[in-house]
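For reference, the structure discussed in these notes is given below.
The values are calculated or read from the model by the stated rules, or taken from the named source; none is laboratory data. Model, not experiment: these values are computed from the prediction. Heads up, the Cβs are rebuilt from the backbone with ideal geometry, glycines too, and the neighbour counts pull from every protein chain shown. The area values use the complete protein model at the heavy-atom level, side chains included, leaving out ligands, DNA and RNA. Shrake-Rupley method; radii C 1.70, N 1.55, O 1.52, S 1.80 Å.
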Amino acid sequence: MSKLTNKAAIITGASSGIGKAIAHHLAKEGANVVLAARRSERLQELAEEIQKEHGTEAKVVETDVTKKADVENLVKQTKESFGSVDVFVNNAGVMLLSFLKNDHVDEWEQMVDVNIKGVLYGIHAALPDMLEQGSGHMINVSSVAGHEVFPSSTVYSATKYAVKALSMGLEKELARSNVRVTNISPGAVDTELTEHITDGDVLEMFKDRSMQPLEAEDIASAVTYAVTQPSNVNVNEIIVRPLHQS
Ligand code: NDP
(Lines give C-alpha, C1' and ligand atoms only; values in the text may rest on other atoms or scores of the structure.)
Protein backbone atom coordinates (compact mmCIF):
# COMPACT_ATOMS: atom_id res chain seq x y z
CA MET A 1 0.00 0.00 0.00
CA SER A 2 1.37 3.45 -0.92
CA LYS A 3 1.63 6.26 1.61
CA LEU A 4 -1.38 8.21 0.30
CA THR A 5 -3.69 5.31 -0.57
CA ASN A 6 -7.35 6.26 0.03
CA LYS A 7 -6.43 9.91 0.68
CA ALA A 8 -8.14 12.65 -1.32
CA ALA A 9 -5.92 15.53 -2.48
CA ILE A 10 -7.24 18.72 -4.06
CA ILE A 11 -4.80 20.64 -6.25
CA THR A 12 -5.72 24.10 -7.52
CA GLY A 13 -3.98 25.34 -10.66
CA ALA A 14 -3.61 21.74 -11.84
CA SER A 15 -4.02 22.59 -15.52
CA SER A 16 -0.31 23.33 -16.01
CA GLY A 17 3.16 23.63 -14.53
CA ILE A 18 3.70 22.96 -10.85
CA GLY A 19 0.09 21.98 -10.08
CA LYS A 20 0.04 19.39 -12.83
CA ALA A 21 3.32 17.90 -11.58
CA ILE A 22 2.03 17.82 -7.98
CA ALA A 23 -1.11 15.97 -9.13
CA HIS A 24 1.03 13.32 -10.84
CA HIS A 25 3.33 12.91 -7.83
CA LEU A 26 0.52 12.61 -5.26
CA ALA A 27 -1.35 10.15 -7.48
CA LYS A 28 1.84 8.12 -7.81
CA GLU A 29 1.88 7.89 -4.01
CA GLY A 30 -1.65 6.47 -4.17
CA ALA A 31 -3.85 9.56 -3.62
CA ASN A 32 -7.13 10.14 -5.41
CA VAL A 33 -6.72 13.61 -6.85
CA VAL A 34 -9.19 16.39 -7.51
CA LEU A 35 -7.98 18.68 -10.27
CA ALA A 36 -9.08 22.32 -10.16
CA ALA A 37 -8.51 25.23 -12.56
CA ARG A 38 -10.48 27.14 -15.18
CA ARG A 39 -9.31 25.24 -18.29
CA SER A 40 -11.31 22.05 -17.82
CA GLU A 41 -10.26 20.43 -21.13
CA ARG A 42 -6.68 20.40 -19.91
CA LEU A 43 -7.77 18.98 -16.56
CA GLN A 44 -9.71 16.24 -18.35
CA GLU A 45 -6.61 15.23 -20.31
CA LEU A 46 -4.58 15.18 -17.10
CA ALA A 47 -7.21 13.07 -15.33
CA GLU A 48 -7.02 10.48 -18.11
CA GLU A 49 -3.20 10.48 -17.96
CA ILE A 50 -3.24 10.00 -14.19
CA GLN A 51 -5.78 7.18 -14.23
CA LYS A 52 -3.76 5.40 -16.92
CA GLU A 53 -0.32 5.91 -15.36
CA HIS A 54 -1.05 5.60 -11.64
CA GLY A 55 -4.42 3.76 -11.45
CA THR A 56 -5.89 6.14 -8.87
CA GLU A 57 -9.04 8.17 -9.33
CA ALA A 58 -8.77 11.69 -10.77
CA LYS A 59 -11.76 13.99 -10.67
CA VAL A 60 -12.09 17.27 -12.55
CA VAL A 61 -13.84 20.25 -10.98
CA GLU A 62 -13.72 23.40 -13.10
CA THR A 63 -12.88 26.14 -10.60
CA ASP A 64 -12.09 29.83 -10.65
CA VAL A 65 -10.37 30.38 -7.29
CA THR A 66 -11.41 34.03 -7.27
CA LYS A 67 -15.01 32.83 -6.87
CA LYS A 68 -15.80 31.72 -3.34
CA ALA A 69 -18.75 29.58 -4.48
CA ASP A 70 -16.51 27.71 -6.95
CA VAL A 71 -14.03 26.81 -4.21
CA GLU A 72 -16.84 25.75 -1.85
CA ASN A 73 -18.20 23.56 -4.65
CA LEU A 74 -14.72 22.07 -5.17
CA VAL A 75 -14.59 20.85 -1.57
CA LYS A 76 -18.23 19.69 -1.63
CA GLN A 77 -17.63 17.59 -4.74
CA THR A 78 -14.47 16.11 -3.23
CA LYS A 79 -16.34 15.01 -0.10
CA GLU A 80 -19.17 13.55 -2.18
CA SER A 81 -16.71 11.50 -4.26
CA PHE A 82 -14.12 10.50 -1.66
CA GLY A 83 -15.64 11.16 1.77
CA SER A 84 -12.87 13.45 3.05
CA VAL A 85 -10.44 16.24 2.14
CA ASP A 86 -7.02 15.06 3.26
CA VAL A 87 -4.72 17.41 1.35
CA PHE A 88 -5.52 20.83 -0.11
CA VAL A 89 -2.80 22.34 -2.29
CA ASN A 90 -3.38 26.08 -2.74
CA ASN A 91 -1.23 26.33 -5.85
CA ALA A 92 -3.16 28.45 -8.39
CA GLY A 93 -1.39 31.74 -8.95
CA VAL A 94 -0.44 34.45 -11.39
CA MET A 95 2.81 36.42 -11.62
CA LEU A 96 2.15 39.57 -13.60
CA LEU A 97 5.47 41.26 -12.94
CA SER A 98 5.51 45.00 -13.64
CA PHE A 99 7.16 48.18 -12.47
CA LEU A 100 4.92 50.27 -10.20
CA LYS A 101 5.59 53.36 -12.34
CA ASN A 102 3.96 51.60 -15.29
CA ASP A 103 0.70 51.44 -13.30
CA HIS A 104 -0.72 48.01 -14.26
CA VAL A 105 -3.47 48.42 -11.70
CA ASP A 106 -5.78 45.76 -13.22
CA GLU A 107 -2.97 43.22 -12.95
CA TRP A 108 -2.32 44.19 -9.32
CA GLU A 109 -5.97 43.46 -8.62
CA GLN A 110 -5.83 40.15 -10.45
CA MET A 111 -2.83 39.04 -8.39
CA VAL A 112 -4.54 40.00 -5.14
CA ASP A 113 -7.68 38.13 -6.21
CA VAL A 114 -5.98 34.92 -7.33
CA ASN A 115 -2.92 34.74 -5.08
CA ILE A 116 -4.40 36.00 -1.80
CA LYS A 117 -8.18 35.71 -1.96
CA GLY A 118 -7.91 32.39 -3.81
CA VAL A 119 -5.82 30.94 -0.97
CA LEU A 120 -8.19 32.36 1.65
CA TYR A 121 -11.16 30.75 -0.12
CA GLY A 122 -9.29 27.43 -0.08
CA ILE A 123 -8.76 27.74 3.67
CA HIS A 124 -12.39 28.82 4.16
CA ALA A 125 -13.71 25.86 2.16
CA ALA A 126 -11.45 23.05 3.41
CA LEU A 127 -10.33 23.87 6.96
CA PRO A 128 -13.64 23.24 8.78
CA ASP A 129 -13.77 19.72 7.29
CA MET A 130 -10.16 19.01 8.20
CA LEU A 131 -10.79 20.11 11.78
CA GLU A 132 -13.93 18.01 11.97
CA GLN A 133 -12.12 14.98 10.52
CA GLY A 134 -9.27 15.53 12.98
CA SER A 135 -6.68 15.38 10.20
CA GLY A 136 -5.60 17.16 7.05
CA HIS A 137 -2.75 18.99 5.36
CA MET A 138 -2.90 22.49 3.88
CA ILE A 139 -0.11 23.29 1.41
CA ASN A 140 0.24 26.90 0.31
CA VAL A 141 2.46 27.76 -2.63
CA SER A 142 4.26 31.02 -1.94
CA SER A 143 7.54 31.89 -3.69
CA VAL A 144 11.12 32.98 -3.13
CA ALA A 145 9.46 36.32 -3.99
CA GLY A 146 7.52 35.83 -0.76
CA HIS A 147 10.82 36.16 1.13
CA GLU A 148 12.63 38.78 -0.97
CA VAL A 149 11.50 41.62 -3.24
CA PHE A 150 13.04 42.06 -6.69
CA PRO A 151 12.69 44.99 -9.12
CA SER A 152 9.25 44.52 -10.77
CA SER A 153 8.11 41.87 -8.25
CA THR A 154 6.71 44.39 -5.75
CA VAL A 155 3.01 43.55 -6.02
CA TYR A 156 3.58 39.86 -6.78
CA SER A 157 5.89 39.73 -3.75
CA ALA A 158 3.26 41.46 -1.62
CA THR A 159 0.80 38.69 -2.50
CA LYS A 160 3.35 35.95 -1.84
CA TYR A 161 4.43 37.51 1.49
CA ALA A 162 0.72 37.38 2.30
CA VAL A 163 0.61 33.68 1.46
CA LYS A 164 3.58 33.12 3.77
CA ALA A 165 1.83 35.07 6.53
CA LEU A 166 -1.33 33.01 6.06
CA SER A 167 0.70 29.80 6.31
CA MET A 168 2.52 30.96 9.45
CA GLY A 169 -0.66 32.11 11.14
CA LEU A 170 -2.46 28.93 10.21
CA GLU A 171 0.40 26.82 11.50
CA LYS A 172 0.44 28.63 14.86
CA GLU A 173 -3.34 28.51 15.18
CA LEU A 174 -3.48 24.80 14.34
CA ALA A 175 -0.43 23.76 16.35
CA ARG A 176 -2.57 21.81 18.82
CA SER A 177 -4.72 20.18 16.15
CA ASN A 178 -3.88 17.31 13.81
CA VAL A 179 -3.97 19.54 10.73
CA ARG A 180 -0.55 20.18 9.21
CA VAL A 181 0.52 23.26 7.27
CA THR A 182 3.29 23.60 4.71
CA ASN A 183 4.39 26.81 3.01
CA ILE A 184 6.44 26.06 -0.09
CA SER A 185 8.50 28.74 -1.79
CA PRO A 186 9.85 27.91 -5.22
CA GLY A 187 12.49 29.91 -7.02
CA ALA A 188 12.40 30.10 -10.83
CA VAL A 189 10.62 27.10 -12.35
CA ASP A 190 10.13 26.43 -16.06
CA THR A 191 6.33 26.80 -16.50
CA GLU A 192 3.85 29.03 -18.33
CA LEU A 193 3.90 31.55 -15.46
CA THR A 194 5.99 34.21 -17.19
CA GLU A 195 3.98 34.00 -20.44
CA HIS A 196 1.28 36.29 -19.03
CA ILE A 197 3.61 39.22 -18.25
CA THR A 198 2.68 42.30 -20.30
CA ASP A 199 5.02 45.02 -18.97
CA GLY A 200 7.45 45.76 -21.85
CA ASP A 201 10.20 46.91 -19.46
CA VAL A 202 10.08 43.58 -17.61
CA LEU A 203 10.12 41.57 -20.84
CA GLU A 204 13.16 43.58 -21.95
CA MET A 205 14.89 42.91 -18.61
CA PHE A 206 14.20 39.15 -18.89
CA LYS A 207 16.00 38.93 -22.26
CA ASP A 208 19.34 38.98 -20.44
CA ARG A 209 18.52 36.10 -18.08
CA SER A 210 20.58 32.97 -18.61
CA MET A 211 19.87 31.02 -15.39
CA GLN A 212 18.71 27.40 -15.71
CA PRO A 213 15.32 27.19 -13.95
CA LEU A 214 13.99 24.23 -11.99
CA GLU A 215 11.50 21.75 -13.45
CA ALA A 216 7.96 21.57 -12.02
CA GLU A 217 8.81 18.04 -10.83
CA ASP A 218 11.42 19.48 -8.45
CA ILE A 219 8.68 21.35 -6.58
CA ALA A 220 6.30 18.39 -6.74
CA SER A 221 8.99 16.24 -5.09
CA ALA A 222 9.25 18.74 -2.23
CA VAL A 223 5.47 18.76 -1.75
CA THR A 224 5.39 14.97 -1.80
CA TYR A 225 8.13 14.90 0.85
CA ALA A 226 6.05 17.10 3.17
CA VAL A 227 2.83 15.16 2.63
CA THR A 228 4.31 11.70 3.08
CA GLN A 229 6.07 12.29 6.42
CA PRO A 230 4.74 10.46 9.51
CA SER A 231 1.58 12.18 10.81
CA ASN A 232 3.42 13.81 13.76
CA VAL A 233 5.95 15.50 11.45
CA ASN A 234 4.85 18.99 10.43
CA VAL A 235 7.05 20.35 7.62
CA ASN A 236 6.25 24.07 7.80
CA GLU A 237 8.55 25.75 5.31
CA ILE A 238 10.39 24.63 2.21
CA ILE A 239 12.39 26.94 -0.06
CA VAL A 240 13.70 25.42 -3.29
CA ARG A 241 15.57 27.54 -5.80
CA PRO A 242 17.81 26.69 -8.74
CA LEU A 243 21.52 26.76 -8.23
CA HIS A 244 22.81 30.14 -9.43
CA GLN A 245 19.56 32.02 -8.64
CA SER A 246 20.52 34.88 -6.36
P1 NDP B 1 1.44 28.16 -14.51
O2 NDP B 1 1.09 29.44 -15.21
O3 NDP B 1 1.99 27.04 -15.32
O4 NDP B 1 0.19 27.62 -13.70
C5 NDP B 1 -0.68 28.49 -13.01
C6 NDP B 1 -1.94 27.72 -12.68
O7 NDP B 1 -2.81 28.60 -11.95
C8 NDP B 1 -2.69 27.25 -13.91
O9 NDP B 1 -3.10 25.92 -13.72
C10 NDP B 1 -3.89 28.18 -13.98
O11 NDP B 1 -5.02 27.48 -14.49
C12 NDP B 1 -4.10 28.48 -12.49
N13 NDP B 1 -4.89 29.68 -12.29
C14 NDP B 1 -4.60 30.96 -12.62
N15 NDP B 1 -5.64 31.76 -12.32
C16 NDP B 1 -6.61 30.96 -11.80
C17 NDP B 1 -7.92 31.18 -11.33
N18 NDP B 1 -8.48 32.40 -11.30
N19 NDP B 1 -8.64 30.13 -10.86
C20 NDP B 1 -8.10 28.88 -10.90
N21 NDP B 1 -6.87 28.61 -11.33
C22 NDP B 1 -6.13 29.64 -11.79
O23 NDP B 1 2.46 28.58 -13.35
P24 NDP B 1 3.20 27.73 -12.21
O25 NDP B 1 2.87 26.31 -12.29
O26 NDP B 1 4.61 28.15 -12.25
O27 NDP B 1 2.55 28.39 -10.91
C28 NDP B 1 1.98 27.65 -9.84
C29 NDP B 1 2.23 28.40 -8.55
O30 NDP B 1 3.62 28.43 -8.28
C31 NDP B 1 1.75 29.85 -8.55
O32 NDP B 1 1.13 30.14 -7.32
C33 NDP B 1 3.05 30.62 -8.71
O34 NDP B 1 2.95 31.92 -8.17
C35 NDP B 1 3.98 29.74 -7.91
N36 NDP B 1 5.41 29.96 -8.22
C37 NDP B 1 5.91 29.70 -9.46
C38 NDP B 1 7.23 29.96 -9.75
C39 NDP B 1 7.82 29.77 -11.11
O40 NDP B 1 8.94 30.21 -11.35
N41 NDP B 1 7.13 29.11 -12.04
C42 NDP B 1 8.15 30.46 -8.71
C43 NDP B 1 7.51 30.66 -7.43
C44 NDP B 1 6.20 30.41 -7.20
P45 NDP B 1 -6.15 28.07 -15.46
O46 NDP B 1 -5.52 29.15 -16.28
O47 NDP B 1 -6.56 26.87 -16.27
O48 NDP B 1 -7.24 28.53 -14.57
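Quick notes on this one:
- Table column - 3J(HN,Hα) (Hz), the range 123-140, Karplus curve with 6.51, -1.76, 1.60, x for Gly and Pro: 5, 4, 7, 9, 4, x, 5, 5, 5, 5, 5, x, 6, x, 9, 9, 10, 10
- Highest to lowest packing among 36-49, 112-125, scored as the average C-beta count within 10 Å: 112-125, 36-49
- Heavy-atom accessible surface of the chain: percent carbon and sulfur, 1.4 Å: 49
- Under 5 Å between amide hydrogens, built in the peptide plane, is the criterion, and for Arg180 it picks out Gly136, His137, Met138 among residues at least 5 positions away or on other chains.
- Cleavage-rule hits, GluC sites (Glu not before Pro), the range 156-246, DSSP coil, Cβ neighbours within 10 Å at most 12: Glu192
- When the alpha carbon gyration tensor of the range 100-186 is reduced to an equivalent ellipsoid, the three semi-axes, largest first, read 28, 14, 8 Å.
- Structure-based [θ]222 nm, the chain - -39500 (n - 2.57) summed over DSSP H runs of at least 4, per residue, nearest 500: -13500 deg cm²/dmol
- Contact order normalised by residue count of the chain, Cα under 8 Å, 6+ apart, percent: 20
- Extension gain from Thr198 to Ser81, taking 0.36 nm per residue of separation minus the Cα-Cα distance: 38.1 nm
- In order through the range 222-228: 3J(HN,Hα) via Karplus (6.51 cos²θ - 1.76 cosθ + 1.60), integer Hz, x for Gly, Pro: 5, 5, 4, 4, 5, 6, 9
- Those lysines that a straight Cα-Cα span of less than 16 Å connects to Lys160, excepting residues fewer than 8 apart in one chain: Lys117
- Debye log10 I(q)/I(0) at q = 0.07, 0.13 Å⁻¹ for the chain, Cα point scatterers: -0.21, -0.75
- For the range 34-67 versus the range 69-124, the spacing of their alpha-carbon centroids is 16 Å.
- Each Lys and Arg contributes +1 and each Asp and Glu -1, all at the Cβ; summed about the Cα centre of the range 86-176, the dipole is approximately 280 debye.
- Lys, Arg +1 and Asp, Glu -1 on Cβ, resulting dipole of the range 51-128 about Cα centre, debye, nearest 20: 200
- All lysines inside 28 Å of Lys28 as judged from Cα atoms, apart from same-chain residues fewer than 8 positions distant: Lys3, Lys7, Lys20, Lys52, Lys59, Lys76, Lys79, Lys164
- In sequence order, calculated HN-Hα J values of the range 210-215 (Karplus, 6.51, -1.76, 1.60; Hz; x Gly/Pro): 10, 5, 7, x, 6, 9
- For the residues His147, His25, His196, a GNM of the chain with alpha-carbon springs under 10 Å puts the largest fluctuation on His196.
- In percent, rounded to a whole number, the relative contact order of the range 32-144 is 27, using alpha-carbon pairs under 8 Å and six or more apart.
- Heavy atoms of the protein chains alone define the surface here; on that basis the range 65-111 has 47 Å² accessible area per residue at 1.4 Å probe size.
- About its Cα centre, the chain has a charge dipole of approximately 740 debye under the convention of +1 per Lys or Arg Cβ and -1 per Asp or Glu Cβ, with nothing else charged.
- Amide hydrogen neighbours beyond the local backbone of Val34, cut-off 5 Å, H modeled: Ala9, Ile10, Ile11, Lys59
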